[in-house]
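The values are calculated or read from the model by the stated rules, or taken from the named source; none is laboratory data. Just so it is clear, the structure is predicted and the values come from calculations on it, not from any experiment. For neighbour counting, all protein chains shown are included, and Cβ atoms are generated from backbone atoms with ideal geometry for every residue, glycine included.
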Amino acid sequence: MLFTNPKARKHEAPHVERAGPAEAGRPGRAPEPQAQVLEAFFARLRRASLRVLMLDYDGTLAPFRVKRDHARPFPGILEAIDRIARDERNRIIVVTGRKISNFQAISGFPDGLEIWGSHGWEHQCSNGAREVLACEEHALAGLIRAEARLARNGLAERVELKPGCLEFHWRGLPDERVEELRGTLTREWAELTRGGGLSIHEFDGGMSLRVPGRDKGTAVRAVLSRLPADAPAAFLGDDETDEDAFGAMTDPCRLGALVRTEYRMTGARAWLRPPGELLKFLGRWSEAGMNR
Ligand SMILES: [Mg+2]
């Protein structure tokens, strides 16, 4: 499986008492119970004057839809986000693969949030100032060439070109068709990865051709670099592209949480099953603001 990240293979949960996923994956080390991980994180949160909550959108806060623009948050999520946003000590930051304009059009999130879009290639400050980060002309030309080829093959409606990335969405197609498309894209894009400075990634619902250099991990590191070292911060994500962000959350006052119905091997230290455990986590965050 050329494009499958071994970290993303599905596994049964390793411990019936919800062991911390990251610890459970390391041989020779006792798993850290999830309850303990969360308790320690929320204890820090209660004492902190600045707390940062970074959130992926699709698959994390909003269930997948075949029509991508119909992806709305789970019931109760917007209210929970709003309660957290009302406490001035909290900062909510969205880190998504979507284009910022698309995220804003469909999510129903309040204005005034910092957003990293297009896997770290777009950034909008909380005051609304937006920038698209520059990528190499050569790589950009490769993305445009790939888009044109797919259009010639009658696949334009499943293609999305955005800063630093071209995504092909196969959600909703039968398994055999997905297998066929995976093979076709692999062959079509091979040349672009060899000479074009691009890399291929598989995500939940499709495949992407990306300009290397930025991802959700670089976005999260940029956020963390502006914070005091002891400021508690969490990142919640669901798919393989979120592993880059989990990898940036290694400090004890930082928490990566995998939001997913089925457990898989991950660099995140906690695992939340949506929507119930996700809503409980967000509720706990806003309550931690009240007990000063
Ligand atoms: Mg996601």
Across (1) closer than 28 Å to PRO212 by Cα; (2) touching a residue at least 60 places away in the same chain (Cβ under 8 Å), ILE106 clears everything bar (2)
Practice item. Could you tell me whether ASP242 is in contact with a helix residue (DSSP H, G or I) (Cβ under 7 Å, 6 or more places away or on another chain), under 15 Å from LEU61 (Cα atoms) and of a type in the set (D, E, K, R)? Key: yes
Condition set free of Cβ contacts under 8 Å to residues at least 60 places away in the same chain and not basic (Lys, Arg), scope region 225-245, selection farthest from the ligand (Cβ to nearest atom): answer is ALA229
Would you check if there is a residue in region 121-142 being in contact with a strand residue (DSSP E or B) (Cβ under 6 Å, 6 or more places away or on another chain), outside the structural domain of GLY205 (by TED's automatic domain parsing), more than 28 Å from ARG171 (Cβ to Cβ) and buried (at least 19 other Cβ atoms within 10 Å of the Cβ)?
-> no
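Could you tell me how many of the residues in region 220-254 are hydroxyl-bearing (Ser, Thr, Tyr), in a helix (DSSP H, G or I) and more than 14 Å from the chain's Cα centre (by Cα)?
Going through region 220-254 one residue at a time, the tally reaches 1.
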GLY237 meets each of (1) of a type outside the set (D, E, K, R); (2) out of contact with any Ser or Thr (no Cβ under 8 Å at 6 or more places or on another chain); (3) modelled with pLDDT of 95 or more with one exception, condition (2)
Exactly one of GLY217, GLY247, GLY289 is at pLDDT below 95 and in contact with a helix residue (DSSP H, G or I) (Cβ under 8 Å, 6 or more places away or on another chain), and that residue is GLY289
Only one of GLU167, GLU160 is within 16 Å of the ligand (Cβ to nearest atom), farther than 30 Å from ARG269 by Cβ and either touching a residue at least 12 places away in the same chain (Cβ under 8 Å) or within 21 Å of the chain's Cα centre (by Cα) (or both), namely GLU160
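Select, from LEU227, LEU236, LEU279, LEU255, the only residue that is assigned by TED's automatic domain parsing to the domain that holds ASP58, under 20 Å from ILE115 (Cα atoms), hydrophobic (A, V, I, L, M, F, W, C) and surrounded by fewer than 23 Cβ atoms within 10 Å (Cβ to Cβ).
Numbers: LEU236 fails: surrounded by fewer than 23 Cβ atoms within 10 Å (Cβ to Cβ); LEU279 fails: under 20 Å from ILE115 (Cα atoms); LEU255 fails: surrounded by fewer than 23 Cβ atoms within 10 Å (Cβ to Cβ).
Answer to the selection: LEU227.
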Among helices (runs of 4 or more DSSP H) entirely within region 18-116, at least 2 residues that are within 27 Å of GLY206 (Cα to Cα), in contact with a Lys or Arg (Cβ under 8 Å, 6 or more places away or on another chain) and modelled with pLDDT of 95 or more occur in 100-107
Per the list (1) touching a residue at least 60 places away in the same chain (Cβ under 8 Å); (2) within 16 Å of the ligand (Cβ to nearest atom), residue check on LEU143 breaks on (2)
Residues in region 195-211 that are in contact (Cβ under 8 Å) with a residue 40 or more places away in the chain and away from the ligand (no atom under 16 Å from the Cβ) total 6
Residues of region 96-120 being under 16 Å from THR218 (Cβ atoms) and either surrounded by fewer than 17 Cβ atoms within 10 Å (Cβ to Cβ) or among the aromatic types (Phe, Trp, Tyr) (or both), in sequence order, are TRP116
Exactly one of PRO63, PRO75 is under 28 Å from ARG158 (Cα atoms) and within 16 Å of the ligand (Cβ to nearest atom), and that one is PRO63
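Does PHE41 satisfy the condition of being aromatic (Phe, Trp, Tyr) and surrounded by fewer than 22 Cβ atoms within 10 Å (Cβ to Cβ)?
Judged against the criteria, PHE41 is not a match.
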Exactly one of GLU176, GLU188 is away from the ligand (no atom under 16 Å from the Cβ), without any contact (Cβ under 8 Å) to a residue 24 or more places away in the chain and acidic (Asp, Glu), and that residue is GLU176
